[in-house]
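First comes the structure, then the notes that go with it.
Read the figures in this text as sums done on the coordinates, not as results from a lab. Note that the structure is predicted; figures quoted are calculated from it, not measured. Cβ placement follows ideal geometry from the backbone for every residue including glycine, while neighbour counts extend to all protein chains displayed.
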Amino acid sequence: MAVIRELKRSIFTSMKIFACFRKLDSIQGENVLTNFLEASEKSIAILKEINHNDDWKKIVEQKMEESNFILFLLGEKTFVSDHIKWEYAKAKSLNKRIIGIKLNNASEESIIYCQGFQVFDNVTQAYNFIDLGT
């Protein structure tokens, strides 16, 4: 069993997920990302961009290109943000696999906006989807 776990860890260590969420959801978002790392037994890398300087789009695009999945953390007004809308459009234009996880304050509007990709109620569901899909 330990050999299988180590083999799985070595295979998935190269998996990268780019996380997108609004600053106003940052406390809950960071908790979800911590739980995601724990669920994966730290076998994935989570990338994000928190500094929106003049080059933020270039930096985000580069991180998205090197990621296997793009993760949107869905809160009350996630897609009101122009930054999040841009990240969503960029992920689609790069043909990335997109998933979402509902935060405690997820609104119907945020969930409806995500039609066309998998949205999960919790970290365990999302990780199992990624784990089985790779």
For MET15, distant residues with modelled amide H under 5 Å away: ALA45
Amide H contacts of VAL119 (H built 1.01 Å from N, under 5 Å, at least 5 apart or other chain): GLY100
Selection from ILE112, ILE44, ASN122, by position along the positive dipole direction of the chain (Cβ): ILE44
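Give the peptides 34-46, 16-28 in descending order of average Cβ contacts within 10 Å, highest first. Mind showing how you got there, number by number?
Working: 34-46: 16.5, 16-28: 18.4.
Per-residue mean Cβ counts within 10 Å order the peptides as 16-28, 34-46.
If you take the square roots of the eigenvalues of the alpha-carbon gyration tensor of the range 44-134 and sort them as a ≥ b ≥ c, do you get rounded (a/c under 1.5), prolate (a/b over b/c) or oblate?
Values: a/c = 1.74, a/b = 1.16, b/c = 1.50.
Taking the square roots of the gyration eigenvalues as a ≥ b ≥ c, the range 44-134 is oblate.
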Pairwise FRET efficiency - THR34 versus TRP86, Cβ, R0 = 35 Å, nearest 0.05: 0.85
Cα-centred dipole magnitude for the range 2-133, charges only on beta-carbon of K, R (+1) and D, E (-1), debye, nearest 20: 280 debye
Full-extension gain in nm, LYS23 to ASN105, via 0.36 nm per residue minus C-alpha separation: 28.1 nm
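Under the rule of -39500 (n - 2.57) per DSSP H run of 4 or more residues, summed and divided by the residues of the chain, what mean residue ellipticity at 222 nm is obtained, to the nearest 500 deg cm²/dmol?
-14500 deg cm²/dmol
List, in the order given, every pair from LYS58/LYS102; LYS48/LYS92; LYS63/LYS85; LYS42/LYS90; LYS16/LYS77; LYS58/LYS96 whose Cα-Cα distance in the structure shown is over 23 Å. Present the calculation step by step, with values, prior to reporting the outcome.
Values: LYS58/LYS102 27 Å; LYS48/LYS92 17 Å; LYS63/LYS85 16 Å; LYS42/LYS90 27 Å; LYS16/LYS77 26 Å; LYS58/LYS96 16 Å.
Among LYS58/LYS102; LYS48/LYS92; LYS63/LYS85; LYS42/LYS90; LYS16/LYS77; LYS58/LYS96, the Cα-Cα distance tops 23 Å for LYS58/LYS102; LYS42/LYS90; LYS16/LYS77.
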